Amino acid sequence: MPIALIDCNNFFVSCERMFNPELEGKPVVVLSNNDGCAVARSNEVKALGIKMGEPWFRMKDIAKQHGIIALSSNYALYGDLSARVMTALAEFSPQQEVYSIDECFLDLSSFDPDTLSDYGQKIRETVKRNVGIPVCVGIADTKTLAKLANYCAKKGLAGKNGVCDFGLLNDKQCSELFASIPVGEVWGVGRKMTESLAKLKITTVEDLRCASPEYLRQQFSIVLVRTVNELNGIPCIELEEAGTPRQQIMVSRSFPAPISALDDLSESVACYTTRAAEKLRRDASVATSLCVFIQANPFKENEEQYSRSLVVPLIQPTDHTGRLVNAALSGLKSIYKPALRYKKSGVLLMGLHEKGASQRTLFDGPAEQSRSDKMMYVMDMINQKIGKDSATVGANGTRQQWAMPKEQKSSSYTTVW
DNA sequence: ATGCTCCTGCGAA
DNA sequence: CTAACGTTCGCAGGAGCAT
């Protein structure tokens with residue numbers, strides 16, 4: 001039954017350090033889009049007390065004081081290195097679930113349970129040697145426990161050398177360990193849930209593990225009951241192997257400066273819809289409806305707040321950029337309110353299903369269908385070969401003044417010549 | 001009473 | 001000098017509506 005959770009250490013920072021070893025041993029943060037806030041921190045930065053998601057402008061003083069190096073995020077690089085890590089890890093088990101850009105689960109049930117700790121060491125060493133990224137390994141009987149074991153490995157609370165196997169602990173050791181960990185560290189327990197649980201005197205992992213499932217079900221949702229079962233070694237969350245396509249596709253961005261004109265908003269929405277449509281076709285899916293949204297800056301408390309979204313049904317399920325853009329722009333028009341300072345817009349493709357399974361309408365015969373398919377195919381090929389947005393729809397505009405600069409981005413070492 | 005869509009909130013990385 | 005706060009996904013559950 002054992003499952004391993006392998007998580008890369010400070011992943012984005014580790015990626016940057018691979019290609020710029022001068023960053024080794026120095027305090028480094030990677031910033032989100034728009035160089036807005038910290039999305040990855042080196043250990044040196046964590047030691048300074050800088051939190052995940054901290055806005056860059058608010059830590060600039062400490063940054064200057066301690067010589068923190070701030071880098072813009074380079075998702076092409078991280079995505080490529082992630083793929084290499086996952087490929088290396090896949091060698092260690094017949095079953096792998098890639099859970100996020102920097103972590104995956106491996107089913108270890110076919111291996112000798114007595115030597116899993118050594119196996120974890122081998123995993124760690126292999127990824128470090130073959131790819132160059134440091135990882136930690138947590139091993140336990142359920143996914144939730146494996147995540148907790150990984151947390152212990154990272155913090156050095158149990159296990160050794162970045163590997164923690166709960167299978168080596170007896171009941172008493174487990175209880176003591178869990179009693180020392182805040183309940184908010186449990187997978188699925190976030191900020192709000194931590195607050196609610198605190199009112200019921202549940203503050204540690206051990207408190208939650210020993211709580212009555214019936215009582216929790218009555219107070220909260222079924223999700224928390226599953227979490228408690230998993231903490232007790234009863235698997236409730238299956239390992240999901242790749243293959244199931246997404247149910248939604250979201251593309252949204254904040255603007256570096258507020259915009260007010262419908263024309264500018266329209267350009268942004270058209271561009272995001274174009275990106276979303278490309279993802280849709282890559283998944284070989286079609287959308288049946290689309291949600292467009294715009295919002296003011298929620299951090300500006302003295303400015304007028306505004307946040308609207310609208311679902312636009314699509315007459316015919318489609319993956320066609322032009323049709324999706326038309327739908328998005330018509331939706332935008334009806335939620336747009338003039339003279340407001342907008343900070344963000346976005347598009348959500350919904351009701352996705354497999355393309356082949358879609359029905360045709362009365363109006364589009366097979367001929368029109370295949371002609372528009374060909375056009376999208378050609379457009380995708382041109383953009384893949386010549387570069388992003390070589391061919392696109394006119395609505396996207398050419399100025400794109402609402403788009404974001406990246407001040408400190410590293411080179412695309414592994415993906416662009 | 002039942003089931004659907006839309007929308008919001010929460011949690012995760 | 002000032003102002004500068006991410007993105008994408010899934011799930012749960014309530015409101016509103018239709019049957």
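Please compute P(r) over all alpha-carbon pairs of the range A:120-177, binned at 10 Å starting from zero, and give each bin as a whole-number percent. Spelled out bin by bin, the range A:120-177 gives 26, 52, 18, 4 percent.
Against chain A, whose longest principal axis comes from its Cα atoms, helix A:262-282 is set at around 60 degrees. Where a ≥ b ≥ c are the square roots of the eigenvalues of the C-alpha gyration tensor, would you call the range A:30-152 rounded, which needs a/c under 1.5, or, failing that, prolate if a/b is larger than b/c, or oblate? Taking the square roots of the gyration eigenvalues as a ≥ b ≥ c, the range A:30-152 is prolate. Between A:Cys37 and A:Ser32, A:Trp56, the built amide H atoms are under 5 Å apart, and every one of these is 5 or more places off in sequence or on another chain. The longest stretch of chain A left intact once loop-based trypsin sites (Lys or Arg not before Pro) with at most 14 other Cβ atoms within 10 Å are removed from consideration, loops following DSSP, is A:52-200.
Taking the centroid of alpha carbons for each part, the range A:28-55 and the range A:244-273 are 25 Å apart.
Please identify the longest segment of chain A free of exposed GluC sites (Glu not before Pro), where exposed means a DSSP state other than H, G, I, E or B and no more than 16 other Cβ atoms within 10 Å.
Between exposed loop sites, the widest span is A:92-237.
For the cross-link pairs A:Lys122/A:Lys388; A:Lys147/A:Lys344; A:Lys385/A:Lys409; A:Lys26/A:Lys143, the ones whose C-alpha atoms lie over 31 Å apart are A:Lys122/A:Lys388; A:Lys147/A:Lys344; A:Lys26/A:Lys143.
Values in this text are rule-based calculations from the coordinates and carry no lab data. Only a predicted model underlies this, so the values are computations on that prediction, with no experimental measurement involved. Note that each Cβ is placed from the backbone with ideal geometry, even for glycine, and that neighbours are counted across all protein chains shown.
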